[in-house]
Amino acid sequence: MSINRRSFLKVTAASGGGLLLSLYSQPKASAQGRGRGGPFGGPEPDPHVYIKIAPDGTTTIMAKNPELGQGVKTMLPMLIAEELDVEWKNVKIEQADFDDTKYAGQFAGGSFATPSNWVPMRQAGAAGRALLIKAAAQNWNVPESELTTSAGKVLHKASNRAAGYGELADKAWALPVPDLRTLKFKDPKDYTIIGKPLMQRELPNIVTGKPIFAIDMTRPGMLFAVYQKCPVFGGKVVSANLDEIKKMPGVRNAWVVDRPEITEPVLPQDPGLENGIAIVADTWWQANTARKKLQVNWNEGPNADASQSSTAFAQKADELSKQKPQQTLRNDGDVEAALSSAAKVVEGAYSFPFISHAPLEPQNCTADYRDGKCEVWTNSQIPGSGRTLAAKALEVDEKNVTLHMVRGGGGFGRRLTNDYMVEAAYISKLAGAPVKLLWAREDDMAHDYYRPGGFQYLKAGLDNSGKIVAWRNHFVSYGDFDAQKGQVKFVTAAAMGATEFPQRFIPNYALHASVQRLGIRTGSLRAPGSNSFAFVIQSFIDELAHAAGKDPVEFRLALLNSAIPEPATGRGGRGGFGAPGLNADRMKGVVQLAAEKSGWGKSKSGKGRGMGFAFHFSHQGYFAEVADVSVESGNKVKVHKVWVAADVGSQIVNPSGAENIVQGAVVDGMSEMMGQEITLDRGRVVQANFDHFPMVRLVQAPPAIEVHFLKTDNPPTGLGEPALPPIVPAVANAIFAASGKRLRSLPIAKSGFSWA
């Protein structure tokens with residue numbers, strides 16, 4: 001596999017909290033793209049598999065990565081088309097199947113599509129262009145150096161000859177691929193596609209309701225399936241009224257699925273095939289109606305315990321916060337001495353909840369197993385690991401599982417795990433027919449890989465000038481504690497690394513950790529870790545700025561100016577995928593840009609209206625955001641405008657898509673902060689649908705979200721994830737500026753707030 005077990009560990013570690021970042025560092029590529037097959041190995045980019053040119057010059061480009069709304073199906077072909085030197089209007093895009101013999105790094109996660117494909121996709125286009133030039137040179141018996149290209153043609157100015165790519169393609173594609181290290185990329189000033197705002201190719205189909213999503217998939221003779229699992233994670237079926245269910249209209253069959261030999265995860269975040277009850281019927285309505293008549297006696301297992309309740313978690317966290325930390329993750333200077341001598345000490349206890357991914361398209365998959373082979377139509381973010389799971393469950397070789405990648409209606413990290421894929425494949429084998437498995441919304445909320453909740457108990461000291469001289473954080477999360485080794489092991493995506501800001505910027509800094517047992521699954525949610533840590537860190541920094549009597553922006557700039565050199569063994573702030581840590585100068589750039597564009601400091605806060613500021617560094621992206629907020633009577637909150645300043649390197653590939661994904665991140669973050677929370681009662685998830693897990697409605701969204709990109713001399717990086725974290729503290733800090741009410745717990749609806 002191009003993403004094998006080891007590579008998957010690296011991907012999920014980086015997107016899920018940075019636990020294994022030390023195992024991986026992105027290989028450097030020269031300006032001409034040295035390196036093999038991208039950062040995860042696999043086949044080098046070959047124009048023969050990415051590009052098809054018809055006789056009339058129409059060019060079809062394969063989009064290799066899963067598309068779940070992030071725009072990658074348009075963005076990656078743009079990179080190829082630019083270096084191939086064709087006109088965008090003549091380009092068609094085709095979604096590639098998963099094929100690790102042809103393509104490297106077919107996954108979606110970690111905002112990694114741009115940095116991992118910036119060189120390889122341009123190599124594919126440049127290599128195709130080189131082949132076309134070579135073919136023309138052979139036809140005309142002229143040196144290749146005399147030839148140029150433009151808009152899908154090879155030109156020989158000396159003889160005034162021109163040949164369309166369609167005339168040359170057959171001959172060109174019979175030639176061997178040139179050494180990728182010899183390729184010359186275009187000068188950015190000559191770009192005609194990269195950097196231009198282009199509409200996503202599938203947008204007209206989306207807005208007109210065309211059936212292009214995985215949930216729309218149909219196959220001849222297809223049955224519909226539902227899968228009932230225990231409400232408590234890890235529970236198993238003892239007995240069920242399957243004889244009655246099988247007699248219901250349209251029901252073809254029903255089974256208890258209990259394969260203990262394949263329930264162990266193949267990969268860290270995947271569940272294997274969980275115990276449950278499968279029902280197949282002629283229509284999904286019939287299958288789901290039958291499921292509602294199920295009478296199941298469950299053995300709920302050890303997670304159906306009073307300790308696995310949200311109230312118990314909060315009580316336990318409070319107890320742990322008052323005890324000696326289980327592990328110290330970082331300890332610079334002498335924090336206790338600095339706190340004792342500080343001119344002013346500020347304390348704050350912050351918390352954030354479990355959150356469900358809740359993509360608008362619930363989990364689904366279509367599978368067709370027959371004669372020892374299986375075809376799968378999936379919206380997985382990491383289809384390769386799903387293939388491994390499906391093959392194991394079906395007891396076939398992986399080469400006998402074919403994956404067709406179909407557009408997904410959102411992922412946000414949920415589809416990094418493939419439980420729905422292995423269920424569909426196995427049910428198809430049981431049914432002896434093609435099967436579409438579709439989860440109900442209630443399934444999706446009750447059996448997610450949740451964003452981990454957590455608690456942070458902060459204490460900081462200021463000197464007489466208002467400078468932060470000490471910072472202590474006792475982070476209470478979830479996981480296992482090895483008392484003998486004195487080490488904590490966090491659940492997936494819960495870890496707060498020892499490199500998190502503001503380490504390196506405060507001389508006396510301590511990060512302590514304690515954990516408690518958790519009986520539910522956790523996973524990566526958009527901007528994992530950062531989506532909750534930014535709220536805590538940037539809100540507490542805001543508290544300190546006000547305690548010091550300083551302007552919040554100037555206070556942050558002063559903090560960024562006080563960087564302490566990292567020891568030789570350190571890595572700096574977490575950038576994702578082993579990237580270099582937070583660069584203070586780059587962060588100052590976006591802080592100043594956001595302040596400038598928002599007119600920070602020119603309007604006074606108070607009397608029901610205020611502005612809030614926050615920044616955060618994650619997934620190699622630098623973002624600063626300002627929110628203009630009013631708080632009306634009854635704690636009704638209105639966000640009037642948001643300004644976003646971002647540094648994601650030297651090039652924005654598709655400005656239209658980039659602006660869209662940043663604006664979506666702002667709205668997504670607002671949804672998370674106001675009312676989204678997953679609570680547990682004896683191991684059972686309480687929330688079941690959007691009525692208790694609300695999203696921001698159109699009338700509640702900011703009328704304007706202004707996005708500014710600060711281009712710097714750094715390799716392009718992603719922005720779907722790093723755009724989200726700052727909006728939560730920016731709005732929270734604006735609420736404080738407007739109302740004087742400091743918010744330390746999410747969602748803020750629990751504190752009596754609601755959107756106006």
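Computed from the coordinates by the stated procedures, all read-outs in this text should not be read as laboratory data. Remember, predicted model here, so these are calculated numbers, not experimental data. Cβ placement follows ideal geometry from the backbone for every residue including glycine, while neighbour counts extend to all protein chains displayed.
Numbers at a glance
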| quantity | calculated |
| --- | --- |
| DSSP-defined beta bridges in the chain - what % are antiparallel, rounded to 5 | 75 percent |
| Computed label-point distance, nm, for sites M199 and K184 using a 7 Å Cα→Cβ extension | 3.7 nm |
| Compactness relative to 2.2 N^0.38 Å, alpha carbon Rg of the chain | 0.99 |
| Alpha carbon centroid spacing (whole Å) that separates the stretch 393-417 from the stretch 61-116 | 18 Å |
| Helix-only mean residue ellipticity at 222 nm for the chain, each DSSP H run of n ≥ 4 adding -39500 (n - 2.57), per residue, nearest 500 | -8500 deg cm²/dmol |
| Per-residue ³J(HN,Hα) for the stretch 710-718, Karplus 6.51 cos²θ - 1.76 cosθ + 1.60, θ = phi - 60°, Hz, x for Gly and Pro | 9, 7, 10, 7, 9, x, x, 10, x |
| Theoretical gain in end-to-end length, N160 to A688 [0.36 nm per residue, Cα-Cα removed] | 183.2 nm |
| The stretch 327-401: radius of gyration and largest Cα-Cα distance (Dmax), Å | 25.6, 76 |
| Amide proton proximity set for I678, modelled H, under 5 Å, gap of 5+ | F354, I355, S356 |
| Extension gain from W88 to E554, taking 0.36 nm per residue of separation minus the Cα-Cα distance | 163.2 nm |
| Under Karplus coefficients 6.51, -1.76 and 1.60, residue-wise ³J(HN,Hα) of the stretch 730-740 in Hz, glycine/proline x | 4, 5, 4, 5, 5, 4, 4, 4, 7, 10, x |
| Under 17 Å from the Cα of K636 - aspartates and glutamates, other chains or at least 8 residues apart | D628, E672 |
| Rounded FRET efficiency, nearest 0.05, which uses the C-beta distance separating D397 from S754 and R0 of 56 Å | 0.55 |
| Using alpha carbons only: equivalent-ellipsoid semi-axes of the stretch 372-503, gyration tensor based, whole Å | 45, 17, 14 |
| Dimensions (Å) - the stretch 200-296, Cα atoms, principal axes, largest first | 49, 40, 24 |
| 21 Å Cα-Cα threshold exceeded, pairs from K607/K641; K246/K429; K322/K467; K316/K741; K467/K597 | K322/K467; K316/K741; K467/K597 |
| Relative contact order [Cα under 8 Å, 6+ residues apart], the stretch 26-207, whole percent | 28 percent |
| Whole-percent pair-distance distribution, where bins are 5 Å wide, for the alpha carbons of the stretch 26-207 | 1, 8, 18, 21, 21, 16, 9, 4, 2, 0, 0 |
| Residues whose placed amide H lies under 5 Å from that of A614, excluding near-sequence neighbours | E625 |
| Euclidean distance between Cα centres, the stretch 129-182 to the stretch 648-681, Å | 43 Å |
| Computed over the chain: relative contact order in percent, which uses C-alpha pairs under 8 Å that are six or more apart | 15 percent |
| For the stretch 227-234, Karplus couplings with θ = phi - 60° (6.51, -1.76, 1.60), whole Hz, Gly/Pro x | 9, 9, 10, 4, x, 9, 4, x |
| Contact order normalised by residue count of the stretch 261-412, Cα under 8 Å, 6+ apart, percent | 19 percent |
